[in-house]
């Protein structure tokens, strides 16, 4: 028999909207070495092109005001997107903690039931031993 019950992670993933999935993927991308390396390469190319094109016409002369504007715009959008992803991570952590708590409560109940059964078996064994000893004493 196949268990169709979904775990908390599957339920949470299916409930996410397109915007939430997009925010998570953007935050994941921006928090990677790949992003840092690509951005560093772009900045280096930007600066090199400005130096090489010094003779002609530079589009963003030192101190690279246009580049700073681009970084400010990127930061203005990145911060709330990353915060949305962090809030969702908090929701996932809370859902996992709730699921762990429910699992622990169920495990505790099962352990308590097992203890009751083991105690009953132990009492039954002791009763049988006492009965055997009483029969031996009568002989």
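Bear in mind that the values in this text are calculations on the coordinates, not laboratory data. The structure presented is a predicted model; accordingly, all values stated were derived computationally and were not measured. Because the Cβ atoms are built from the backbone with ideal geometry, glycine has one as well, and the counts that use them run over all protein chains shown.
Every condition in (1) assigned to a helix (DSSP H, G or I); (2) surrounded by 12 or more Cβ atoms within 10 Å (Cβ to Cβ); (3) touching a residue at least 12 places away in the same chain (Cβ under 8 Å) is met by residue 49 except one, and the failing one is (3).
For residue 69, only one of the following conditions fails: (1) within 30 Å of residue 12 (Cβ to Cβ); (2) surrounded by 11 or more Cβ atoms within 10 Å (Cβ to Cβ). What is its number? Only one criterion in (1) within 30 Å of residue 12 (Cβ to Cβ); (2) surrounded by 11 or more Cβ atoms within 10 Å (Cβ to Cβ) is unmet by residue 69, namely (1).
Check segment 60-75 and report whether any residue there is within 26 Å of the chain's Cα centre (by Cα) and either on the phi < 0 side of the Ramachandran plot or not in a helix (DSSP H, G or I) (or both). Checked segment 60-75: at least one residue is within 26 Å of the chain's Cα centre (by Cα) and either on the phi < 0 side of the Ramachandran plot or not in a helix (DSSP H, G or I) (or both).
Per this entry, residue 106 is not counted among residues that are over 20 Å from residue 5 (Cα atoms) and either in a helix (DSSP H, G or I) or in contact with a strand residue (DSSP E or B) (Cβ under 8 Å, 6 or more places away or on another chain) (or both). The selection criterion, being outside any helix (DSSP H, G or I) and surrounded by 10 or more Cβ atoms within 10 Å (Cβ to Cβ), holds for residue 54.
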